[in-house]
Amino acid sequence: MFRRKRTRAKSLVLPPAIDAGWLESRLTRDDPASPPAAVAMFFSGPDLKRVREAVQALGQVAASTGDGPWPIQTVSIFFPGLSQARQRKLEESLGRTSTGSGLELEFTDFSELQSRWKSFRAAVIFPGFDPLSRVVLEAGLAGVPVVVEKGAASELVIHGRTGFIFDYRDYAALGAFLQVIVKNPERGRQMGLSAREHVKKHYSLGAWKEQFEGILSEILFSSER
């Protein structure tokens, strides 16, 4: 699913959906007593310059929250869809990138994501050629607010309620939105709860079934005319 671009035309026939019960059974059930110190960041492509720019932006946010009660300490970077060889090269290059804030870069295998969701305070998503819709939906079910670059995946986000949407390469906006979540843990928690409710209501398999049956009925009804 990560090697094919999701077009708007496809989304009318194959709306994004997720098996909420299955995923929730794999999440840590107990919420932490205090907000976690890690932020997850997802990239769909190997654009090293873009990744470095995003890491620098997160480093600035980490520096600005260093004196607060819940500073960001780690950013976990994921590259779903990339070959292991290309991912290793990116990790080696990024490992030499200085954030200027003491922010620790962590490279985690995408297969471990479901067991890690509860350890993230926020998720930053750069869709690129792949919308990473699944990640947005998983984050919502895990109660993790998202900051998503504008694109297909951002259509799953209610700006200011379940997460934030920023324009392409607008790292100033990315940093500002992330600070809202980091510096206001209660606001971030409420956004996560709203995201969970939104995903369950609109993007569960049950909701997908109703949409798909509606599309089929419309097609069949039209063909009978």
Review point. Can residue 164 be described as out of contact with any Ser or Thr (no Cβ under 8 Å at 6 or more places or on another chain), crowded, with 16+ Cβ neighbours inside 10 Å, closer than 24 Å to residue 27 by Cβ and aromatic (Phe, Trp, Tyr)?
Key: yes
Review point. Taking into account only those residues within region 144-172 that are of a type in the set (A, V, I, L, M, F, W, C) and at pLDDT below 90, which is farthest from the chain's Cα centre (by Cα)?
Key: 152
Study note, to complete from the structure: Across region 173-203, the tally of residues that are in contact (Cβ under 8 Å) with a residue 24 or more places away in the chain and more than 17 Å from the chain's Cα centre (by Cα) stands at 2
Check your understanding: What tally of residues in region 51-72 results from selecting those that are at pLDDT 85 or above and among the charged types (D, E, K, R)?
Key -> 2
Check your understanding: Only one of (1) out of contact with any Asp or Glu (no Cβ under 9 Å at 6 or more places or on another chain); (2) not in a helix (DSSP H, G or I) is not met by residue 168, so which one is it?
Key -> (1)
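The values are calculated or read from the model by the stated rules, or taken from the named source; none is laboratory data. All values reported here derive from a predicted model rather than from experimental measurement. Note that we place each Cβ from the backbone using ideal geometry, even for glycine, and neighbour counts take in every protein chain shown.
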